[in-house]
Amino acid sequence: QVQLVESGGGLVQAGDSLRLSCAASGRTRSGYVMGWFRQAPGKERVIVAAITWSGSTYYADSVKGRFTISRDNAKNTVYLQMNSLKPEDTAVYYCAIDLGTSGIATTQSRYEYWGQGTQVTVSS
């Protein structure tokens, strides 16, 4: 079992920044991929960003240039730095872990464990 705990969400104004953190514990092993997804009200959950063990990254087009994903393997923690936030970034943000080592997946089904989610609300 792997446990994921997110933190860092909140209510901000458009143009502000937030940093989300997600700490993994339990039966992790090296090589896993970590991702951030989000689900806005009435919409499907979609990928925002992902990062491999070695630091290769993927970003959704909607956040490129504004969000930065990073990780600290020694701490089993992944971060999502969100700058220039927009009202359309409002969603529940989830971190997830893919214990496979075959590269970044953008589909939810590849991720075996999920955090509980943290709310990000951006007011205009």
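Read-outs: derived from the displayed coordinates by stated rules, not from any lab. If you're wondering where the values come from, they're calculated on a predicted model, not measured in any experiment. Don't worry about glycine lacking a Cβ; one is built from the backbone with ideal geometry, like all the others, and counts go over all protein chains shown.
Tell me which residues come under 5 Å, amide H to amide H, from GLY117 once H is placed; ignore anything under 5 positions away on its chain.
GLU6, CYS95
Near LYS75, which lysines are there with a Cα under 21 Å away, not counting those fewer than 8 places off in the same chain?
none
Scan around GLY100 for amide H atoms under 5 Å from its own, H built in the peptide plane at 1.01 Å from N, and keep only partners 5 or more places away or cross-chain.
Excluding prolines and chain starts, which carry no amide H, the hits are VAL33.
Using the beta-carbon distance between LYS64 and GLN1 and R0 = 30 Å, what value does 1/(1 + (r/R0)^6) give for FRET efficiency, to the nearest 0.05? Walk me through the intermediate numbers first.
Details: r = 34 Å, r/R0 = 1.12.
The calculated FRET efficiency here is 0.35.
Using θ = phi - 60° and the Karplus form 6.51 cos²θ - 1.76 cosθ + 1.60, what ³J(HN,Hα) does each residue of segment 76-90 get, whole Hz, x for Gly and Pro?
With coefficients 6.51, -1.76 and 1.60, one gets 6, 10, 10, 10, 9, 8, 10, 10, 6, 5, 10, x, 6, 7, 4 Hz.
Based on the Kirkwood radius over alpha-carbon pairs, what value in µm²/s does the Stokes-Einstein equation return for the translational diffusion coefficient of the chain at 37 °C and 0.692 mPa s?
The diffusion coefficient I find is 231 µm²/s.
Would you calculate the separation in nanometres between label points at ASP16 and LYS75, each defined as 7 Å from the Cα along the Cα-to-beta-carbon direction?
Result for the modelled spin labels: 2.2 nm.
For the chain, set up a GNM with springs between Cα atoms under 10 Å and report which of ASP72, ASP16, ASP61 has the largest fluctuation.
Comparing ASP72, ASP16, ASP61 in a Gaussian network model of the chain, the most mobile one is ASP61.
Relative contact order for the chain: what percent, with Cα pairs under 8 Å and sequence separation of 6 or more? Don't skip to the answer; put the middle values down first.
On the way: 303 pairs, mean separation 44.9, N = 124.
Result for the chain is 36 percent.
Under 5 Å between amide H atoms, partner at least 5 residues away or on a different chain: which partners does LYS86 have, H built in plane at 1.01 Å?
For LYS86, the qualifying residues are GLY15.
List, in order, the whole-Hz ³J(HN,Hα) value for each residue of segment 92-99 obtained from phi through the Karplus relation with A = 6.51, B = -1.76, C = 1.60 and θ = phi - 60°; use x for Gly and Pro.
Karplus-based 3J(HN,Hα) across segment 92-99 equals 8, 9, 10, 9, 8, 10, 10, 6 Hz.
Mind listing the phi-derived Karplus ³J(HN,Hα) values for segment 45-55, rounded to whole Hz, using 6.51, -1.76 and 1.60 with θ = phi - 60°, and x for any glycine or proline?
Calculated HN-Hα couplings, in order: 6, 10, 6, 10, 7, 8, 8, 7, 4, 7, x Hz.
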